[in-house]
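Report on the following structure.
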Amino acid sequence: MGDQDDRVAAFRRLHAEGCFVMPNPWDVGTARALEQLRFPALATTSAGYAWTLGRADNQLRLDQALEHLRAVAGAVSVPVNADFEGGFADEPEQVATNVKLAAATGIAGLSIEDSTGDPAEPLYPFDIAVERVRAARRGIDESGIGIVLTGRSEGFIVGRPDLDETIRRLKAYADAGADCLYAPRITTADEVSAVVAAVAPKPVNLLANAPFTTVAIATSLGVRRISVGGTLARTAWAGFLAAAQEIAADGTFSRFEGLPDVDALFSSG
């Protein structure tokens, strides 16, 4: 437990000032590679891990997610934040129970989303969404571990790009006990600045899933934490699919040059 406590403390310090990048590995190997590149913290990606199982995002079971968190957190020495989707439950009490299970895997933080997976009603009603974050906070407090709780509002992902409503939800999540706030797929300087100002002094996570910003720009806007979601995994899939499609279509292997020595990357481990 002491090692986890140290990682939680380190993770909290990272949020206190400045801006850090927290990239998203999708398995043990990519986690160790990113640690070697000296990133100070990592975050899992539900999408990236689901693709390794031949599933689409949001098709993981709770037991699979917990196993993945234990594997990634146990493979590195830096803090790991968990993409815990919607807590794998609708009811707040079950969210609290599942969060306690996640906290016991060795992670230093986790996020809870407010998306339902229902295209007709893609976001939980406001009051229920807030209660789910409050329940996650309660689960963390009851665990005694103190991991960082991130409240996510998914409107810009699920086709409800309403900045005012997103901010209303994020402010309520902060009041309900979220330590960090996150609105994936906001992309303009005005959107980012509005979110940062609305929830200050609590830190904001920015998703960098396209080349719309830089670390320097995000820092200047007041962002404290940057993650990339499943985009590193998609980058890897792009290279894999392009090479495989060339082989299947043309019978040529032109992409098999200039490749990294992956064994060398891990030979000292």
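Where a number appears in this text, it was derived from the coordinates with a stated rule and is not lab data. Computed from a predicted structure; not experimentally measured. Glycine also receives a Cβ, built like all others from the backbone with ideal geometry; neighbour counts cover every protein chain displayed.
Annotations for the structure displayed:
- P(r) histogram, all alpha-carbon pairs of the range 2-231 included - 10 Å bins from 0, percent: 8, 36, 41, 14, 0
- The order of the peptides 101-109, 170-178 by mean Cβ neighbours within 10 Å, most packed first, is 101-109, 170-178.
- Assigned charges on the beta-carbon of Lys, Arg, Asp, Glu; the chain dipole about Cα centre (debye): 580 debye
- In terms of the mean number of neighbouring beta-carbon atoms within 10 Å, the peptides 188-194, 68-74 order highest first as 68-74, 188-194.
- Sites Q245 and A200, calculated FRET efficiency, Cβ-Cβ separation with R0 41 Å, nearest 0.05: 0.30
- Options A216, L66, W26, ranked by Cα towards positive dipole end of the range 2-231, top entry (Cβ charges): A216
- Evaluating kT/(6 pi eta Rh) at 25 °C and 0.890 mPa s, with the Kirkwood radius of the range 202-269 over Cα pairs in the Stokes-Einstein relation, gives 161 µm² s⁻¹.
- Efficiency of FRET from Cβ geometry, R70 and S254, R₀ 41 Å, rounded to 0.05: 0.55
- Computed Rg/Rh of the range 140-246, alpha carbon atoms with Kirkwood Rh: 1.06
- Our estimate of slack between S143 and S220, defined as 0.36 nm per intervening residue step minus the Cα-Cα distance, is 24.1 nm.
- FRET efficiency for the pair Q94 and R185, taken as 1/(1 + (r/R0)^6) with r the Cβ-Cβ distance and R0 = 25 Å, rounds to 0.40.
- Considering only V223, V76, V158, the Gaussian network model of the chain with Cα springs below 10 Å gives its largest mean-square fluctuation to V158.
- Spin-label pair D57/A236, simplified geometry with 7 Å Cα→Cβ offset, distance in nm: 1.6 nm
- Helix-only mean residue ellipticity at 222 nm for the chain, each DSSP H run of n ≥ 4 adding -39500 (n - 2.57), per residue, nearest 500: -14500 deg cm²/dmol
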